[in-house]
Each structure stands twice: as structure tokens, then as C-alpha cells.
Amino acid sequence: GAILRSPGLSRMKLHFVAFGKLKAPGMRDAADHYLKAMRMWAEVSETELKSETVPDKSQATRTRIQKKESGILLHTVGAGGGSAKPRGLILLDERGKALKSEEWASLLEEMQERFGGASFAIGSSLG
């Protein structure tokens with residue numbers, strides 16, 4: 001696509017950030033396979049963050065932990081004043097909008113032009 005051939009643009013930088021580790025059998029192998037494949041055309045990095053312990057199921061606890069984790073996430077991707085260079089942030093959620101390939105290409109091209117790359121985030125079990 002246009003991202004790979006756009007003159008004057010540096011190599012795409014993709015950062016994947018997730019709370020927790022891949023534990024399901026075969027998932028780490030699958031993720032490593034796709035990360036390796038993406039490295040042929042992009043600079044790819046991955047960060048696994050420690051999820052907060054959920055001591056109870058109250059809404060107040062859920063809100064407190066979500067706020068803390070959002071701060072950690074923003075710091076990690078650079079949007080919260082962290083040491084990382086800010087990139088466009090895409091939050092991945094099972095309830096989110098599904099995009100067609102062309103829409104993904106357009107979104108990533110815009111993020112490449114505006115931010116020099118994109119960060120993809122997967123939240124903890126609390127969202």
C-alpha cells in the first residue's frame with residue numbers, strides 16, 4: 001500500500017502494548033510469528049504491562065484501577081509525558097468498530113504522517 005511506498009516518509013513504527021501476558025497455548029507463538037512478519041516492513045516493538053490486582057468487584061475499585069492503568073498506558077506510549085515518543089494510539093476492544101483493510105491502511109498512513117507511527121493497546125480484564 002501507500003504506506004510502504006510514500007516518498008519522504010520514514011519506516012513505519014508500530015508499538016503493541018498489552019496488560020498481561022499471552023497465556024493461552026499457541027498464542028505466544030502466533031504473536032511472535034506475526035511480529036516477525038511485520039518487521040520486514042516496519043519497526044515493531046512490544047510491551048507487556050503488569051495488570052493491577054483486583055481486590056473486589058465494586059465499581060469504585062474498577063474505576064480506580066482503570067484510571068491507574070490508563071495513566072500507565074499513556075505514559076508507556078508517550079502521550080502522558082513519558083520518555084517514549086508520542087504515536088497515534090489505537091485502542092483495541094472486542095466491542096470496537098471493525099475496519100476493512102482499506103480503512104486500516106488509510107488510518108495507518110495518517111498516523112505515519114502525523115506521528116511517525118502507531119501504538120496499539122489492549123487493556124486489562126477491566127477494559
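The values are calculated or read from the model by the stated rules, or taken from the named source; none is laboratory data. Treat the numbers as computed from the prediction; the structure is a model and nothing was measured. All Cβ positions, even for glycine, are placed from backbone atoms using ideal geometry, and neighbour counts span all protein chains on display. Calculation scope for accessible area: heavy atoms of the full protein, side chains included, ligands and nucleic acids excluded. Shrake-Rupley method; radii C 1.70, N 1.55, O 1.52, S 1.80 Å.
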Problem - Set Lys13/Lys50; Lys68/Lys100; Lys21/Lys100; Lys13/Lys57 screened for pairs whose C-alpha atoms are more than 26 Å apart - result: Lys68/Lys100; Lys21/Lys100; Lys13/Lys57
Practice task
Mind checking the per residue accessible area of the chain for me, 1.4 Å probe, whole number of Å²?
Solution key: 68 Å²
Exercise for the section: Measure nothing fancy, just the Cα-based angle from helix 101-115's long axis to the longest principal axis of the chain, in degrees from 0 to 90, nearest 10. Expected result: 90 degrees
Practice task
Project the alpha carbons of segment 12-127 onto their principal axes and report the range along each, largest first, in whole Å.
Solution key: 44, 35, 28
Fill in the blank from the handout: Descending packing, highest mean Cβ count within 10 Å first, for 39-45, 68-74, 19-25 is 68-74, 39-45, 19-25
Practice task
Roll a 1.4 angstrom probe over the protein heavy atoms and tell me the percent of accessible area of segment 29-127 that is carbon or sulfur.
Solution key: 55 percent
Exercise for the section: Compute the acute angle (0 to 90°) between the alpha-carbon long axis of helix 27-38 and the principal axis of greatest extent of the alpha-carbon atoms of the chain; round to the nearest 10°. Expected result: 30 degrees
Problem - segment 13-75: translational diffusion in µm²/s, Stokes-Einstein, Kirkwood Rh over Cα pairs, 25 °C, 0.890 mPa s - result: 179 µm²/s
